[in-house]
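Have a look at the structure below, then the notes.
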Amino acid sequence: MSSSQGEIKQDRSVTDKMKITALGLAYLLVGVGFFISLATDSIQLFTAVAVGILGLIIVSLVIIIRREGLVTAENKVISVFVLLAMGLLFGLYEFTTLSSEIVFGIVFIVGVIVPHLLLQYTNYGTTE
């Protein structure tokens with residue numbers, strides 16, 4: 001372990017440690033609730049636990065994004081095109097009579113090929 005990693009761990013305040021502990025306990029409680037909902041065959045408890053899991057995942061993602069700096073120009077471009085492709089998938093399936101092969105081809109081109117070509121052949125998002 002390098003000295004900078006050791007310094008980072010020592011710089012955590014008591015509040016940060018309590019937040020991490022609370023998040024860990026929340027995951028533990030959701031896991032216990034999930035087990036109990038399955039053991040008692042309670043759909044209401046299962047639904048509540050599923051909402052709790054979704055909430056914890058969102059909190060965890062926010063923490064990761066803030067700490068790691070995952071929001072980059074490249075990730076923004078990819079995210080926009082993936083969301084556009086998902087919208088196209090829904091729209092083309094529901095409102096057109098195109099075959100599934102054509103729909104998946106369009107979605108693949110918009111969600112994978114276009115952002116790849118945009119990032120590959122332009123200087124968008126590069127720091128150079």
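The single residue among L98, L88 that is among the hydrophobic types (A, V, I, L, M, F, W, C), open to solvent by 40 Å² or more (accessible area, probe 1.4 Å) and assigned to a helix (DSSP H, G or I) turns out to be L88. Residues in the range 60-74 that are open to solvent by less than 70 Å² (accessible area, probe 1.4 Å) and more than 20 Å from A22 (Cβ to Cβ): G69, T72, A73, E74.
The condition (being modelled with pLDDT of 90 or more and of a type in the set (D, E)) is satisfied by just one residue among E101, E74, E128: E101.
Looking at S60, S13 in this structure, which one is polar (S, T, N, Q) and under 21 Å from the mean Cα position of the chain (by Cα)?
Working: S13 fails: under 21 Å from the mean Cα position of the chain (by Cα).
None of the others qualify; the one that does is S60.
Would you say K9 is surrounded by 11 or more Cβ atoms within 10 Å (Cβ to Cβ), modelled with pLDDT under 90 and assigned to a helix (DSSP H, G or I)? For K9, the condition - surrounded by 11 or more Cβ atoms within 10 Å (Cβ to Cβ), modelled with pLDDT under 90 and assigned to a helix (DSSP H, G or I) - is not met.
Kindly check whether there is at least one residue in the range 75-84 that is in contact (Cβ under 8 Å) with a residue 12 or more places away in the chain, assigned to a helix (DSSP H, G or I), of a type in the set (S, T, Y) and open to solvent by less than 80 Å² (accessible area, probe 1.4 Å). Scanning the range 75-84 turns up no residue that is in contact (Cβ under 8 Å) with a residue 12 or more places away in the chain, assigned to a helix (DSSP H, G or I), of a type in the set (S, T, Y) and open to solvent by less than 80 Å² (accessible area, probe 1.4 Å).
The values are calculated or read from the model by the stated rules, or taken from the named source; none is laboratory data. On a predicted model such as this, the values are computed, not experimentally measured, just so you know. In this analysis, Cβ positions are derived from the backbone assuming ideal geometry, glycine residues included, and neighbour counts consider all displayed protein chains. Quick note on the areas: whole protein, heavy atoms, side chains included, nothing else; ligands and nucleic acids left out. Shrake-Rupley method; radii C 1.70, N 1.55, O 1.52, S 1.80 Å.
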